[in-house]
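Chemist: Have a look at this one before I ask anything.
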Amino acid sequence: MRLAGYTHRLTKALTLLSVKGMEQSFEGHDEVDAVKTQLDSLRKGTLPAEVDAQAKTLDAGLNKIGGVMTAGFGGGGPRRVAPDPKAIESFMNLNNAYNTMVSMMQVGLDMAPTPTQVATWQKDCTDLNHTIEAWKDTQKQIVDFNALLTKNSLQEIKVAPIKLTSDTCTFSALEPGRKRNE
């Protein structure tokens, strides 16, 4: 019975970490989407060439960080765009990855997480940290873009303070019967 409790704790721990990743990636996508909405509205008007060029560059960066959906073929509905393996994972792709992890963990509630599940979570966590850093870097670009907008008497883009935090991507499985400080 002691092993069953240990297994349950491990499964619960990895599930909760995955849920936290889902929440963080969802929040990140919402933050990026709020900026994209403002940028899209701005781009509907006629912009000076320099502003338009920077707006296009900023939009491309936001798409990489936030993620985009494209229409599927044959009435299949939206589908994810295949990411460049060298690029950062978008918040949307990470949210899907964490969602998959939570689903897998719920199926095997009476089994401890496999090494592959732990490694997958660790990779997703590391990828989320990289995407958060890319989003912070992009916010610095938005400050520069806002200066250009002000120079051209255009409405600045409002950016809410970032709420996302990077996490330590370690999952330590204690041996059954062993206390944390032993």
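The values are calculated or read from the model by the stated rules, or taken from the named source; none is laboratory data. Note that the structure is predicted; figures quoted are calculated from it, not measured. Using ideal geometry, Cβ is built from the backbone for each residue, glycine included, and neighbour counts are taken over all protein chains shown.
Chemist: For G108, all conditions in the list (1) modelled with pLDDT under 95; (2) more than 24 Å from T170 (Cβ to Cβ); (3) surrounded by 11 or more Cβ atoms within 10 Å (Cβ to Cβ) hold save one; what is the number of the exception?
Modeler: (2)
Chemist: Follow-up. On the given criteria, is T138 of a type in the set (V, I, T), more than 15 Å from V35 (Cα to Cα), modelled with pLDDT of 90 or more and surrounded by 14 or more Cβ atoms within 10 Å (Cβ to Cβ)? Show your work before the answer.
Modeler: Details: of a type in the set (V, I, T): yes; more than 15 Å from V35 (Cα to Cα): no; modelled with pLDDT of 90 or more: yes; surrounded by 14 or more Cβ atoms within 10 Å (Cβ to Cβ): yes.
Here the answer is no, as T138 does not meet what is asked.
Chemist: Got a sec? Which of T11, T7 is under 27 Å from M111 (Cβ atoms), in contact with a helix residue (DSSP H, G or I) (Cβ under 8 Å, 6 or more places away or on another chain) and in a helix (DSSP H, G or I)? First the steps, then the outcome.
Modeler: Values: T7 fails: in contact with a helix residue (DSSP H, G or I) (Cβ under 8 Å, 6 or more places away or on another chain).
T11 is the lone residue from the list that is under 27 Å from M111 (Cβ atoms), in contact with a helix residue (DSSP H, G or I) (Cβ under 8 Å, 6 or more places away or on another chain) and in a helix (DSSP H, G or I).
Chemist: A further question follows. Mind listing just one residue for me: the one in segment 159-182 that is touching a Gly at 6+ places or on another chain (Cβ under 9 Å), within 30 Å of K36 (Cβ to Cβ) and of a type outside the set (D, E, K, R) and, of those, modelled with the highest pLDDT?
Modeler: L164
Chemist: Continuing with the same structure: Could you please find all residues in segment 119-133 being aliphatic (A, V, I, L, M) and surrounded by fewer than 19 Cβ atoms within 10 Å (Cβ to Cβ)? So that I can check it myself, show each step before the final result.
Modeler: First, pick out the residues of segment 119-133 that are aliphatic (A, V, I, L, M): 119, 128, 132.
Result: A119, single match.
Chemist: Right, next: Condition first: β-branched (V, I, T), assigned to a loop (DSSP other than H, G, I, E, B) and modelled with pLDDT under 85. Now tell me which residues in segment 61-105 satisfy that.
Modeler: Those that are β-branched (V, I, T), assigned to a loop (DSSP other than H, G, I, E, B) and modelled with pLDDT under 85: V68, V81.
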